[in-house]
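To start, the structure under review is shown below, and the notes come after it.
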Amino acid sequence: MNVLVTGGSGFIGSNLVRLLLAERPEWRIVNLDKLTYAGNAENLADLEGNPRYRFVRGDICNGELIADVFRTEKIHAVLHLAAESHVDRSILSPSIFIETNVRGTQVLLEAAREFGVRRFVHVSTDEVYGSLGPTGLFTEQTPLDPSSPYSASKASSDLLALAYAHTFKLPVVVTRCSNNYGPYQFPEKLIPLMIANALRDLPLPVYGDGMNVRDWIHVEDHGRGLLAALEKGEDGQVYNFGASSERHNIDIVKQVLRLVGKPESLIKYVTDRPGHDRRYAIDSTKARTQLGWAPRHGFEDALAATVRWYVERRQWWERIISGEYLKYYEKQYGGR
Ligand code: NAD
Ligand code: DAU
């Protein structure tokens, strides 16, 4: 089977490509990625020359290129991850989020329709459901209520994907996962940012009162969920993935500081994110019962392993946090 992974050079994509190659020896993986600031060819550099892997640098909004990839690679299934993924950047510059996440998704859906696929997995997020109060969980029935340009663009693309399933009978499955952590995450997101700053004795910027809650899942568990959705999902269905690991941001930050042996005096409370969702928490009963999926990683041990990865792979993230990243950091955190 030839599987197209879009966004395979990003955080979740690169972990997923490795998982697929290891778990499905008969599959060939085509990774299509634009290599934006968030994409990093280094993440999969060791796969060069592997006959079961091909990298294509390109934009999912480029219809001609996408058609060419479907035609020449004889794509049987799609795992669509390519996206602009950072909420803060969507508040600074929303337009590219609409272009990539909405229009890019539609270009891919159209190509899948034209060439025919056995499965199109549209990889989405729990953020499309908006914010929860102190109790309750997101189920697949929770109404969409996105808060940021990022989550609104993802919700739009979910609806497009489901419309293609409904109208054109395209075998679409939509997945909605909670906050991922693990190796290769770009250090603009909470956990790797806090690790990288702590290791350099820089302030750890905590938004608002630090009491916002996210529900954390290891990236490998998400990847296994995507594989299960591809193989066992039902056309037109939505599946939530989460590991029931709710944590307040401030507790995560303190845990990171403990793991790297740095003082809590590095914590700096800063102005809150505009429109900041208070709490996310996922009910993944449907994925557990219908896909036979369950997370394997416990949060405490997997966070410690993730911190170790960043300590040992300092070169990987130090190369990233130069150039464009420094400009972004100044814009996002300067004077906050
Ligand atoms: P990421 O930002 O690390 O990676 C995104 C990848 O997409 C990068 O490699 C980038 O180069 C590529 N890309 C961006 N625009 C492109 C375009 N126009 N054409 C081709 N490639 C393009 O993101 P991530 O955290 O790995 O997230 C991957 C997907 O999973 C996204 O769709 C995101 O919405 C979803 N998701 C993420 C999380 C999370 O916690 N990170 C949780 C749930 C869902
Ligand atoms: O829930 C899934 C989503 O999780 C994905 O769809 C997104 O792609 C992914 O980026 C993530 O979104 P969040 O906004 O939840 O993640 P982020 O790492 O940006 O922030 C996590 C929490 O930490 C959030 O409450 C904001 C807070 N935060 C974040 C940063 C970067 C801080 O307090 N300080 C920071 O510097």
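Observations
- Pairwise label distance in nanometres, Trp316 with Met211, each label 7 Å out on the Cα-Cβ vector: 3.6 nm
- Over the residues of the chain, the helix contribution to mean residue ellipticity at 222 nm works out to -12000 deg cm²/dmol, using -39500 (n - 2.57) for each DSSP H run of at least 4.
- Spin-label pair Gln290/Arg258, simplified geometry with 7 Å Cα→Cβ offset, distance in nm: 3.8 nm
- Local charge for Val213 was computed over the other residues whose Cβ lies under 11 Å away, with Lys and Arg +1 and Asp and Glu -1, and equals 0.
- Relative to the dominant Cα principal axis of the chain, helix 149-168 is inclined by about 20°.
- Couplings 3J(HN,Hα) of region 63-77, computed from phi: x, 5, 5, 4, 4, 4, 5, 4, 5, 6, 8, 6, 6, 9, 8 Hz, in residue order, whole Hz [Karplus 6.51 cos²θ - 1.76 cosθ + 1.60, θ = phi - 60°; x for Gly and Pro].
- For region 185-330, the number of Lys pairs separated by eight or more positions or lying on different chains, with C-alpha atoms closer than 26 Å, is 8.
- Gap separating the Cα centres of region 35-73 and region 129-167, nearest whole Å: 28 Å
- With K and R counted +1 and D and E -1, the other residues having a Cβ less than 15 Å from that of Met1 yield a net charge of +4.
- Of the GluC sites (Glu not before Pro) found in region 192-244, the ones in coil according to DSSP and having at most 14 other Cβ atoms within 10 Å of their Cβ are Glu234.
- Nitroxide proxy distance, nm - points 7 Å out along Cα→Cβ at Arg24 and Phe168: 2.1 nm
- Sparse-neighbourhood loop sites, GluC sites (Glu not before Pro) in region 1-73 - DSSP loop, at most 16 other Cβ within 10 angstrom: Glu26, Glu48
- Extension gain for Glu99 to Val270 (0.36 nm times residue separation, less C-alpha to C-alpha distance): 58.5 nm.
- Cβ-defined net charge surrounding Gly261, 14 Å radius [Lys, Arg +1; Asp, Glu -1]: +3
- Prolate/oblate/rounded call for region 8-162, Cα gyration tensor, a/c under 1.5 rounded: prolate
- Put simply, the amide H of Leu32, placed in the peptide plane, has neighbours under 5 Å in Val5, Thr6, Gly7, Gly8, Val56, leaving out anything fewer than 5 places away on its chain.
- The phi-based Karplus calculation (6.51 cos²θ - 1.76 cosθ + 1.60; θ = phi - 60°) puts the 3J(HN,Hα) values of region 309-321 at 4, 5, 5, 7, 10, 4, 4, 4, 7, 5, 5, 5, 8 Hz, whole numbers, x for Gly and Pro.
Throughout, read-outs are computed from the coordinates displayed, never taken from laboratory work. Note that the structure is predicted; figures quoted are calculated from it, not measured. Note that we place each Cβ from the backbone using ideal geometry, even for glycine, and neighbour counts take in every protein chain shown.
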